[in-house]
Amino acid sequence: MATHFTVLEEDPNSRARLGRLVTPHGVVETPCFMPVGTQGTVKALLPRDLKDLGCQILLGNTYHLHLRPGHDLIRQLGGLHRFMGWDGPILTDSGGYQVFSLGAMRKISEEGARFQSHLDGSSHLLTPEKAVEIQEALGSDVAMVLDECIAHDATRDYVRNSTERTVRWAERCLRARNKPDQLMFGIIQGGLFEDLRRWCVEAIAPMPFDGFAVGGLGVGEGEAQLNRVSCFTADLLPVARPRYLMGVGRPQDILAAARAGFDMFDCVIPTRNARNGTLFTWRGKINIKRAEFATDQRPLDESCDCYCCRNFSRAYLRHLYMAGEILSAQLNSLHNLYFYHRLMDKCREAIRSGRSELWPYLPDNDTVP
Ligand SMILES: [Zn+2]
């Protein structure tokens, strides 16, 4: 029995749990949010900024780093941690999601996924064995198996065949493992079909994975379906292993999933929205582009004590955005990730104390009224 994950507390008011994940580069308190560091950097932020705002673990993208600068080069330069100047835990995805979303001319076979690079059109074959080899070269703390992320409107026949192949690929990833201190998570697919999700859990959960992820959600199926399938699947997963809901999502989605028993989350929303001028506050989202902020001397969120909110006005943030200044992306990203990390702090505090009134409150309105 592995001891890398411990459930410390269970919330009496929901399925949520407080946990501790031990990785080669440190301990992660769960539920946790992982900022996405696509190209070996969380866009616009220094590793120092991430540490300061309470980030515990980053996500790295295998697809991007494999194509540029190449995983062999990163291995030669001492691995991804040293390369990007981050000494905390890193989880890498398998590259599958980007092959399906970015790679042109992709063709799936039993062997793997053949695709053309979105950078130069060169042809590549990503197999389960290759996905493991790349992630071992990067030296991440947690590696993910190669899976196929299925479109939310795929037919039942397609989902069944694809999910069966994802299970065979998971077995191949385990056999290809060569780095005993790197954790490896299996992935549950099955689309929006509860019986296929259950079948997939029954096939994957007995395998010796260090954690289990639920994939194929947050891809346009809508909030009701996301909540239904994620809750259903979380309940089927082993209690003693971390549960990771991949690619989700908005603050309200993360809150719902944490209460359903998920421990780990990642999403580009806080950083991508920041660069587009959409900022999260405890009263809803703010679009900093709007003319009404041109003379607004208040901080972005009066209840936020991030560096951005302590030092700058909405008027200044709007000005930076309108002028296309680099500092706009930097301050906005800092604030949004600070918000996401305080959201997770509040989740953990509510579980730790068992007091339902401590769960973070998010307004029903999506934007500030
Ligand atoms: Zn702030």
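Readers should treat all values here as calculations from the given coordinates under stated rules, not as data from a laboratory. These numbers come from a predicted model, not from an experiment. Every residue, glycine as well, gets a Cβ built from its backbone with ideal geometry; the counts of neighbours run over all protein chains shown.
For the range 131-179, the set of residues classified as among the hydrophobic types (A, V, I, L, M, F, W, C) and surrounded by fewer than 18 Cβ atoms within 10 Å (Cβ to Cβ) consists of Ala151, Ala154, Leu174, listed by residue number.
For the range 329-345, a residue qualifies if it is touching a helix residue (DSSP H, G or I) at 6+ places or on another chain (Cβ under 7 Å) and more than 14 Å from the ligand (Cβ to nearest atom), and exactly one does: Ala329. Considering the conditions (1) farther than 30 Å from Val159 by Cβ; (2) away from the ligand (no atom under 16 Å from the Cβ), Cys304 is excluded by exactly one of them, (2).
On the stretch given as the range 19-35, residues that are in a strand (DSSP E or B), surrounded by fewer than 21 Cβ atoms within 10 Å (Cβ to Cβ) and touching a Pro at 6+ places or on another chain (Cβ under 9 Å) total 2. Helices (runs of 4 or more DSSP H) fully within the range 47-126 that include at least 2 residues being free of Cβ contacts under 8 Å to residues at least 60 places away in the same chain and in contact with a Ser or Thr (Cβ under 7 Å, 6 or more places away or on another chain): 62-67.
Of Ala257, Ala203, Ala291, Ala274, all but one fail to be farther than 26 Å from Leu21 by Cβ and free of Cβ contacts under 8 Å to residues at least 60 places away in the same chain; the exception is Ala291. Checked against the criteria, Gly186 counts as surrounded by 15 or more Cβ atoms within 10 Å (Cβ to Cβ), part of a strand (DSSP E or B) and touching a residue at least 40 places away in the same chain (Cβ under 8 Å). Quick one: would you say Arg68 is surrounded by fewer than 21 Cβ atoms within 10 Å (Cβ to Cβ) and in contact with a strand residue (DSSP E or B) (Cβ under 6 Å, 6 or more places away or on another chain)? No, not satisfied.
Considering only the range 106-130, state which residues are touching a helix residue (DSSP H, G or I) at 6+ places or on another chain (Cβ under 7 Å) and surrounded by fewer than 12 Cβ atoms within 10 Å (Cβ to Cβ). Glu110, Leu119 - these are the residues of the range 106-130 that are touching a helix residue (DSSP H, G or I) at 6+ places or on another chain (Cβ under 7 Å) and surrounded by fewer than 12 Cβ atoms within 10 Å (Cβ to Cβ).
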